[in-house]
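As structure tokens, the structure follows; a few thoughts come after it.
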Amino acid sequence: MSSSGRAAIPGLLGGGANLPPGPAGGVGMPGAGGNTRPTVTMASYPDYSGAQQAVDFLADNRFPVERTAIIGTNLALVETVLGRLTTARAAVAGLATGAWFGLFIGLLFGIFTVGNWWAVIVAGLLIGAAWGAIFGAIAHASTGGRRDFTSAATLRAREYAVTVDADLADQARQVLSRMNWQPATG
């Protein structure tokens, strides 16, 4: 039992839980017209899917979810290196991008062509591919070897908090207490 007399539920905050404040210092969420409404953090999760599941459960139980928010805290930019980038690979990537753009331009011109519209589309694709390869190779070569790898960047949060407007906190707490909580493992 928590100090408030309610049973402690994993993920559901009660009594002296220690969570960081939300984006407005834990006391407000931007509302319509720039007004702020006081909010309460209901639960905290180590991954987004847990927070999403809680909000989905609230929605399934007719809770006004438009008055909730999922707030990621302790953000980190993670850049995953995918491989080495050479001038040849940059040219091939540029070729593919240029081909798509050339196909698009060829289709636009092809729509308004009276004669052989297939030739216009193919010409657009080939010209776009050639220019894309040239620009891809030049762009990579101009970096002077300062970025010889490809990567994908993602933004990750260490924790995801579910907040609700303060006037709906008791209702949200009641709904979430009915959720089938799985104890944390690890």
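Before moving on, here are some points about what is shown:
- Under the condition of being in contact with a strand residue (DSSP E or B) (Cβ under 7 Å, 6 or more places away or on another chain) and buried (at least 18 other Cβ atoms within 10 Å of the Cβ), the residues counted in the stretch 160-181 number 9.
- Hits in the stretch 61-92 - residues which are in a helix (DSSP H, G or I) and either of a type in the set (S, T, Y) or touching a helix residue (DSSP H, G or I) at 6+ places or on another chain (Cβ under 9 Å) (or both): V65, R67, T87, A88, R89, A90, A91, V92
- Test: residue in the stretch 29-37 that is at pLDDT below 90 and of a type in the set (S, T, Y): yes
- Filter result (farther than 18 Å from T150 by Cα and open to solvent by 40 Å² or more (accessible area, probe 1.4 Å)) within the stretch 86-101: W100, F101
- So G136, is it assigned to a helix (DSSP H, G or I), under 30 Å from E79 (Cα atoms) and modelled with pLDDT of 90 or more: yes
- Among the residues making up the stretch 149-181, those that are outside any helix (DSSP H, G or I), out of contact with any Gly (no Cβ under 9 Å at 6 or more places or on another chain) and modelled with pLDDT under 90 are R178, N180.
- If you go through the stretch 65-85 and pick out every residue that is more than 30 Å from P38 (Cα to Cα) and open to solvent by less than 50 Å² (accessible area, probe 1.4 Å), you end up with 3.
- Flag if F104 is aromatic (F, W, Y) and either open to solvent by 60 Å² or more (accessible area, probe 1.4 Å) or at pLDDT 95 or above (or both): yes
- When the residues of the stretch 112-159 are filtered to those that are more than 17 Å from L85 (Cβ to Cβ) and basic (K, R), the one that is least open to solvent (accessible area, probe 1.4 Å) is R156.
The values are calculated or read from the model by the stated rules, or taken from the named source; none is laboratory data. Here the structure is a predicted model, which is why all the values come from computation and not from measurement. As a convention, Cβ positions derive from the backbone with ideal geometry for all residues, glycine included, and neighbour counts pool all protein chains shown. Just the protein is used for accessible areas: all its heavy atoms, side chains included, with ligands, DNA and RNA removed. Shrake-Rupley method; radii C 1.70, N 1.55, O 1.52, S 1.80 Å.
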